[in-house]
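The values are calculated or read from the model by the stated rules, or taken from the named source; none is laboratory data. A quick note: this is a predicted structure, and the numbers were derived from the prediction, not measured. Here the Cβ is made from the backbone with ideal geometry for all residues, glycine too, and neighbour counts use every protein chain on show. To get the accessible areas, we keep the full protein, side chains included, count just its heavy atoms, and leave off ligands, DNA and RNA. Shrake-Rupley method; radii C 1.70, N 1.55, O 1.52, S 1.80 Å.
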Amino acid sequence: MRRSGSRWLGTAQHGRRRLAALAVVAVAVAGCQAAAAGAAGHRVASTAVRPARSSPAAARPAPSPTAPAQPSGGSPRIMIVGDSITEGSSGDYTWQYRLYEHLRADGVSPRMVGPHHWLFNNVTQVDGDRSYADPSFEHANDTRWGMTLFREKDAIGSTVAIYRPDYLLVLLGLDDIFWFGISQPDMAANLASFIAAARAARPHIRIVLGLVPPDIHQQTDPAFAARIASYNHTISSTALQLSTIGSPVAVARDATGINIAADLWDGTHPNANGEVKIAAAFADVLAGRFHLGRAYPRPFPVLPTGPLSRTRLLVTPSGTAGDAMLSWSLAPGANSYKVYLKDVTRRETKFRQLPWPLSPAQEPWTVSLLTSGDTYAFKLQACKGADCGAFSNVASIAAP
């Protein structure tokens with residue numbers, strides 16, 4: 001299949017292959033996370049494959065002061081509350097970034113508030129990463145991989161009291177349903193308790209509830225898909241019932257238009273294009289219901305996906321004939337690297353890809369079966385889940 005710039009040319013065949021790749025990524029990531037959750041004593045609902053997200057046992061740092069790179073906003077004060085879909089992981093922009101930049105472009109100078117401002121390292125499985133694709137935005141929030149509504153309902157009151165947001169943007173519930181099997185009546189009760197606790201701390205707070213976006217597991221587990229649909233209906237009905245003039249509650253809906261194959265890097269978490277769609281859903285509500293900024297521009301941009309950082313590749317001779325050692329810098333968020341090579345001596349004009357990608361743990365890596373005396377050119381492509389992005393430099397060597 002040919003490539004055009006940094007985008008695969010769209011075909012139905014590629015869409016099917018990408019969905020298959022996403023399914024493999026989701027199974028691989030979820031397997032170790034489910035094991036970690038079990039080891040920590042957390043109950044995992046049903047025997048279906050878990051979504052690719054952090055285990056509740058993932059190491060987390062304590063809240064820290066504002067990062068030096070963050071600009072200082074003004075008004076209104078906005079706090080985003082969410083799980084891994086919102087926090088993001090190494091190398092991401094995050095949908096908070098997309099929303100913040102959109103509001104700034106509309107002349108709004110929001111102050112983003114909350115106890116956290118970091119990413120989850122999807123390679124080391126540790127929270128507290130600072131490798132934003134662009135750190136120059138206000139990234140304070142109340143987000144965390146593994147955050148659940150049933151726990152956050154008991155914490156949101158004190159967080160709102162401390163950070164005093166005017167707007168609360170909430171995207172929660174997927175972990176409750178898939179990891180913990182929370183029943184629909186309890187989901188509804190927990191959402192109502194969450195809203196009541198936020199209002200008790202700040203009576204005139206404005207709340208925007210996001211519908212749970214599509215997830216690859218909804219395509220393979222009809223029961224799970226039905227529970228997500230039911231909870232999304234609960235979000236809408238709860239907003240309608242509990243909204244008041246003094247503390248309105250609105251619903252951000254358009255994120256349900258996410259394309260699983262194109263907009264998620266592992267079947268659950270948004271890539272750059274998914275971030276835009278989630279941000280647009282909230283931006284549209286802020287504009288239409290609260291007259292804060294404008295609706296997100298359409299059509300949505302088609303952005304490059306995959307790791308953006310260019311890996312630095314070095315190839316050195318090995319002590320064994322026909323072997324060479326590849327060493328490279330790790331790109332934030334990249335959990336695999338495709339290896340390409342060509343034999344320059346034999347006048348190969350196109351790089352060919354080796355059949356298996358390398359993991360970060362395999363650096364450095366020895367390539368074998370080279371023809372001694374021939375000059376080879378190598379390059380790597382960094383991938384995050386099913387999204388492959390920037391190529392490394394080309395490094396050459398005469399095989400020993």
Exercise for the section: Would you mention how many residues in segment 97-143 are within 22 Å of Phe180 (Cβ to Cβ), charged (D, E, K, R) and surrounded by fewer than 23 Cβ atoms within 10 Å (Cβ to Cβ)? Expected result: 1
Practice task
Having 2 or more residues that are surrounded by fewer than 23 Cβ atoms within 10 Å (Cβ to Cβ) and over 25 Å from the mean Cα position of the chain (by Cα) is the bar; report the helices (runs of 4 or more DSSP H) wholly within segment 166-278 that clear it.
Solution key: 184-201, 222-242
Fill in the blank from the handout: Matching residues in segment 387-400 (over 13 Å from Pro317 (Cβ atoms) and either modelled with pLDDT under 95 or touching a Ser or Thr at 6+ places or on another chain (Cβ under 9 Å) (or both)) number 7
Handout entry: Filter result (in a strand (DSSP E or B), at pLDDT 95 or above and farther than 30 Å from Gly257 by Cα) within segment 285-336
Key = Leu313, Leu314, Val315, Thr316, Ala324, Met325, Leu326, Ser327, Trp328
Completion exercise
Those residues of segment 209-225 which are of a type in the set (Val, Ile, Thr) and in contact with a helix residue (DSSP H, G or I) (Cβ under 7 Å, 6 or more places away or on another chain) amount to Val212, Ile216
Practice task
Look through Arg151, Arg144, Arg206 and report the one residue that is out of contact with any helix residue (DSSP H, G or I) (no Cβ under 7 Å at 6 or more places or on another chain) and of a type in the set (D, E, K, R).
Solution key: Arg151
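Yes or no, residue by residue, for (1) among the charged types (D, E, K, R); (2) in contact with a Ser or Thr (Cβ under 8 Å, 6 or more places away or on another chain); (3) open to solvent by 80 Å² or more (accessible area, probe 1.4 Å):
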residue: Phe282; (1), (2), (3): no, no, no
residue: Tyr296; (1), (2), (3): no, no, no
residue: Pro332; (1), (2), (3): no, yes, no
residue: Ala361; (1), (2), (3): no, no, yes
